[in-house]
Amino acid sequence: MSRSPSWLRPKLSTQLALGSVAVVITVIWLASFFLNDSLARLFQHEGNHELQRVSNLMVSRLNDYDWTADPPDEPEPPDPDEPRPAKKAPLPPPAPSLPFGREVLEGTEHVFVRILDPEGKPLLESEGFGKLLPAANLPNLGRIGEPGWWQWCEADGARGCHFIINRAIFNGGWVLTAWDIRYENRLLKKSQNLLWLTWGLATLLTAGFVAVAVRRQLAPLKLLEAQAAAIRPGALALDLDPDDLPRDLGSLAENLKQALARLEEAFSRLTTLNADVAHELRTPLHGMRLQVEGLLRDGDASPAQSETLEGVLETLDHLAATLDQMLFLARSEDPSMALHVEPLEVAALLKTAASPFESLAEERSVSLDVRSAGNLELAADEKLVRRALHNLLANALNHAPEGSTVTLEGLLEADQIVLQVRDEGEGIPEDFLPKLGQRFSRPDVSRSRASGGAGLGLAIVKNILRLHGGTLAITRAPEKGTLAKLCFPRRPQA
Amino acid sequence: MILLVEDDQRSALALQRGLEQEGFQVDVAFDGETGLHLGLEKTYDILLLDVMLPGLDGFTFLAELRAKGTETPVIFLTARDALPDRLRGLGLGGGDYLVKPFAFSELVLRIRNLLQRQGAAPERGWTIADLSLDPTRRKVYRGGQRLDLTAQEYALLELLARNAGHTVTRMRIAETLWDLAYDGDPNLVDAAVRRLRRKVDDPFAEKLIHTHRSVGYRMEARHE
């Protein structure tokens, strides 16, 4: 299973911040929309209501006049389809003089009123109405005979509608009333702008606040993260008081602390166990050794008995050495094992490691070739690295045929420092390679035992490398023999 | 005079017998209380102290002794891998520590070294039979003839000559020559000694380097 890309797994803080900002923005936006819409409805409702009132007032005033001088059968079209044909035939002559003066418009100054004869010809109108809505435009207001509501808008509609218009019928013609809604529209526009501004500001403020709040909320998590990163064997502790954290994080920290305490306890139990095992096994070995040595010193034993006793001594030494290896192996399993890491000159290190083998190699006519790339430095625990090299060299020398060469080499490979040991022996059987480094495993049991190995050597080498963050690689050498590589990271791990 | 404090009676008695055969006077205590009592009462040249003692551990033991102003050097005998740091911190009085199981000869060697270090003046070369070493110029002569030795061979010869008459354990040789404190493989030391013998002993009738089987090597002139 592959991990999803990181952008699909945004940070917790980002998720929280984005989420809350989105919610807040939506709520404010809905509220502003609703507010604006209500305001528009209110304005419209009020305008319509006032226009209706004035229109009714005008109709009732105009009906009070005597229009009967004209054909009495002037129809008052109750249904919208009737009036047009009815009016077309008996057109009343326009009254030469009106039966009312401007006083008829009294009290309607806040709206525009235009009184028309049945033909649609203006008889009287409020001042300025003609400029706002030229009479010539009237036919545009739908069929002339119909009462009803219109809005008058700019030609392209871009700047909104300016008037609502009502047309009503009275006995002697029509009354147009118009309500200027430009003011309301401006108000609406203003309020809308204000709302947008509020919305933007609120969004910014919310985002800022949420970001700060989230960061503050997550600060303990960051602290926890830093502390968790510092956890390593030997430093299995959280320097945190769970009571200082938010409740949910507090319990997390508490659990973490308890888990670490259990680990720590297990580690220390392991260490104590090792020490106890060492004590319990070494003490009797020690007693035996001293007694056998005493017997040999007394010189009472026959030559045959002496030889047996000496054999016992050698076996005891071998046992003690194996015990040492096992104890070291157990200790090196514990990653908290203290390392004394210091910069080591590889050339000198290799020379020191090879020197115990000089005599043995010479005796077996094996040449020991030690070389190293110039000025190579390795940060490592010298004792441990030498011990690893020692084990590999002992293996190599044991398998090197007479007249061959064992090479110990230090080199730089990619970003690794490699210390390698190559022999020209028959090499490790292919099928044994995967088992290398397992405890007590040897490719050739009888021979290795004779040479003193307990099969722990490579396991020890492996652990030493692991403690240094490196790896052990054992392969068949290109031509013949075995190539064992100790690969150390160039920069030592903390 | 040596005080041995060791709770494992088998080891303690074997050690006591061996040391007495070597000409030392040895008092033995099987627990810390008795040991401390003896240590405060009498004056000893060397203390051999087991680290893990019933009732009283080596640390407390040494601390009490040092608190009373006793500066006797100590050789700790430990079944652990290494001496705890706090014991080191307390000061061994020029002493040492040995990890069990150790060769008896190794202990004798260390006791001797400790006693010598306290009194004897620095030596001016060594002479064993017709072999002589000049440590300042690192030159070796045998029968008037200069021997050509490598640095390692010289170091080994000097180690043996310095302890002439006493067995030098393989462990001591490996530690001195190569700073090796591990590996039970005796082949390396044996090979190094064989190489030295080829130059120092083989051309001559009288052999000076002798094998102490399964323990180590000893240099001495064995006149018939």
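The values are calculated or read from the model by the stated rules, or taken from the named source; none is laboratory data. Values in this document were obtained by computation on a predicted structure and should not be read as measured data. Here the Cβ is made from the backbone with ideal geometry for all residues, glycine too, and neighbour counts use every protein chain on show.
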Practice item. Identify all residues within segment A:455-477 that are surrounded by fewer than 16 Cβ atoms within 10 Å (Cβ to Cβ) and basic (Lys, Arg); write none if there are none. Key: A:Arg466, A:Arg476
Review point. Looking at A:Arg262, A:Arg289, A:Arg269, which is the one that is in contact with a Phe, Trp or Tyr (Cβ under 9 Å, 6 or more places away or on another chain) and either among the basic types (Lys, Arg) or more than 14 Å from chain B (Cβ to nearest Cβ) (or both)?
Key: A:Arg289
Check your understanding: Here is a list of conditions, (1) more than 27 Å from A:Leu378 (Cβ to Cβ); (2) modelled with pLDDT of 90 or more, and A:Ile417 meets all of them except one; can you say which number that is?
Key -> (1)
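Yes or no, residue by residue, for (1) buried (at least 18 other Cβ atoms within 10 Å of the Cβ); (2) of a type in the set (Val, Ile, Thr); (3) part of a helix (DSSP H, G or I):
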residue	(1), (2), (3)
A:Ala178	yes, no, no
A:Leu187	no, no, yes
A:Leu195	yes, no, yes
A:Trp199	no, no, yes
A:Thr206	yes, yes, yes
A:Val212	no, yes, yes
A:Arg215	no, no, yes
Review point. Are any residues in segment B:127-168 within 10 Å of chain A (Cβ to nearest Cβ) and touching a strand residue (DSSP E or B) at 6+ places or on another chain (Cβ under 7 Å), and if so, which ones?
Key: none
Check your understanding: If you check B:Glu206, B:Glu175, which single one turns out to be surrounded by fewer than 16 Cβ atoms within 10 Å (Cβ to Cβ), within 23 Å of A:Leu316 (Cα to Cα) and among the acidic types (Asp, Glu)?
Key -> B:Glu175
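Okay, residues lined up against (1) at pLDDT below 75; (2) assigned by TED's automatic domain parsing to the domain that holds A:Ala40; (3) surrounded by 13 or more Cβ atoms within 10 Å (Cβ to Cβ):
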| residue | (1), (2), (3) |
| --- | --- |
| A:Ala69 | yes, yes, no |
| A:Glu76 | yes, yes, no |
| A:Glu103 | no, yes, no |
| A:Val111 | no, yes, yes |
| A:Glu127 | no, yes, no |
| A:Arg143 | yes, yes, no |
| A:Trp152 | yes, yes, yes |
| A:Ala155 | yes, yes, no |
| A:Asn166 | no, yes, yes |
Revision key, fill the gap. Selection over segment B:15-39 where residues are facing chain A (nearest Cβ under 10 Å) and either closer than 13 Å to B:Thr72 by Cα or in contact (Cβ under 8 Å) with a residue 24 or more places away in the chain (or both) yields a count of 3
Review point. Does B:Leu47 meet the test of being of a type in the set (A, V, I, L, M), in a loop (DSSP other than H, G, I, E, B), assigned by TED's automatic domain parsing to the domain that holds B:Leu114 and buried (at least 19 other Cβ atoms within 10 Å of the Cβ)?
Key: no
Check your understanding: If you go through segment B:40-82, how many residues are within 14 Å of chain A (Cβ to nearest Cβ) and over 13 Å from B:Leu98 (Cβ atoms)?
Key -> 4
**Study point:** Residue that is surrounded by 13 or more Cβ atoms within 10 Å (Cβ to Cβ) and in a helix (DSSP H, G or I), where the choices are A:Ala259, A:Ala275
**Key:** A:Ala275
Review point. In the set A:Val406, A:Val346, which member is closer than 23 Å to B:Leu156 by Cβ and either in the same structural domain as A:Glu264 (by TED's automatic domain parsing) or touching a residue at least 12 places away in the same chain (Cβ under 8 Å) (or both)?
Key: A:Val406
Check your understanding: Of all the residues that make up segment A:338-369, how many are among the basic types (Lys, Arg) and either more than 10 Å from chain B (Cβ to nearest Cβ) or buried (at least 21 other Cβ atoms within 10 Å of the Cβ) (or both)?
Key -> 1
Point to revise | Hey, A:Leu411 free of Cβ contacts under 8 Å to residues at least 60 places away in the same chain and part of a strand (DSSP E or B) or not | key: yes
